[in-house]
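**Student:** This structure is in structure tokens; I'll ask about it shortly.
Read the figures in this text as sums done on the coordinates, not as results from a lab. Small disclaimer: the values here were computed from a predicted structure and weren't measured. Ideal geometry is used to build each Cβ from the backbone, glycine not excepted, and the neighbour counts take in all protein chains shown.
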Amino acid sequence: MTSETFRETPAARQQWLAVLARASLPQLEAGLPSLGTLPALTHVRPAEVGMVMLRGRVGGTGNPFNVGEASVVRCAVRLGDGPLGVSYALGRDKRRAELAAVCDALLQDPRHHDALQRELVQPLAREQARKRAQTHSDVAQSKVEFFTLVRGEA
């Protein structure tokens, strides 16, 4: 993809933001050194920790209820005069959120997009999908089928 044909779609950005939000700090740090020198970093919103309310639904589709609270960290950065990179991630790791925001900004830049997709986002997405499949497999092995006997009816 050349810089003339590069077009970021909202769906593509949502996908890479989700992958970056689930990535660990070592994974993000390992993905950045290959980019070389970067433009000056401006913190539009420095990394800050807050709380979010987690909601669930009865039976997965029923009435909503509050499950509890979770820590979340958010950050917004601008590289030079380029695009704005943002991140939100569960936990309290400010450095992780900052690196994810830097990656988001770089992914919006046609000069860095392809390399970052190939070297960071796609490998992380494959690893996350593999872990999800393993978890689903582990859970499926412990699945128990319940049935109900109705008494008094013939």
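**Student:** For every helix of n ≥ 4 consecutive DSSP H residues, a contribution of -39,500 (n - 2.57) applies; sum these over the chain, divide by its total residues, and give [θ] at 222 nm rounded to the nearest 500 deg cm²/dmol.
**Tutor:** On the way: 5 runs with 61 residues, N = 154.
Calculated at 222 nm, the ellipticity per residue is -12500 deg cm²/dmol.
**Student:** Please work out the FRET efficiency for the pair E8 and E119, using the Cβ-Cβ distance as r and a Förster radius of 22 Å; give the result to the nearest 0.05. Walk me through the intermediate numbers first.
**Tutor:** Values: r = 18 Å, r/R0 = 0.81.
E between E8 and E119, to the nearest 0.05, is 0.75.
**Student:** Rounded to the nearest 0.05, what FRET efficiency do V44 and S137 have when you use their Cβ-Cβ distance and R0 = 41 Å?
**Tutor:** After rounding to 0.05, the efficiency reads 0.50.
**Student:** Over the Cα atoms of segment 10-141, what is the Rg over Rh ratio if Rh follows Kirkwood?
**Tutor:** Working: Rg = 16.5 Å, Rh = 16.1 Å.
Using only Cα positions, Rg/Rh for segment 10-141 is 1.03.
**Student:** Still on this structure: Write down, largest first, the equivalent ellipsoid semi-axes of segment 26-79 in whole Å, where each equals the square root of 5 times an eigenvalue of the alpha-carbon gyration tensor. Each step should come with its number before you reach the end.
**Tutor:** Values: eigenvalues 262, 45, 17 Å².
Semi-axes (√(5λ), whole Å): 36, 15, 9.
**Student:** Ok, one more. To the nearest Å, what is the center-to-center distance of segment 97-125 and segment 60-92, using C-alpha atoms only?
**Tutor:** 18 Å
**Student:** Apply 1/(1 + (r/R0)^6) to the Cβ-Cβ distance of T148 and V52, taking R0 = 30 Å, and write down the FRET efficiency to the nearest 0.05. Show your work: numbers first, answer last.
**Tutor:** Working: r = 38 Å, r/R0 = 1.27.
For R0 = 30 Å, the calculated efficiency reads 0.20.
**Student:** Note down the relative contact order for the chain as a percent, whole number, built from C-alpha pairs under 8 angstrom at least six residues apart. Intermediate results must be reported in sequence, preceding the final value.
**Tutor:** Working: 208 pairs, mean separation 33.8, N = 154.
So the answer I get is 22 percent.
**Student:** Please check: in the Gaussian network model of the chain (C-alpha springs, under 10 Å), which one of R118, R132, R57 has the largest mean-square fluctuation.
**Tutor:** Looking only at R118, R132, R57, the largest GNM fluctuation is found for R57.
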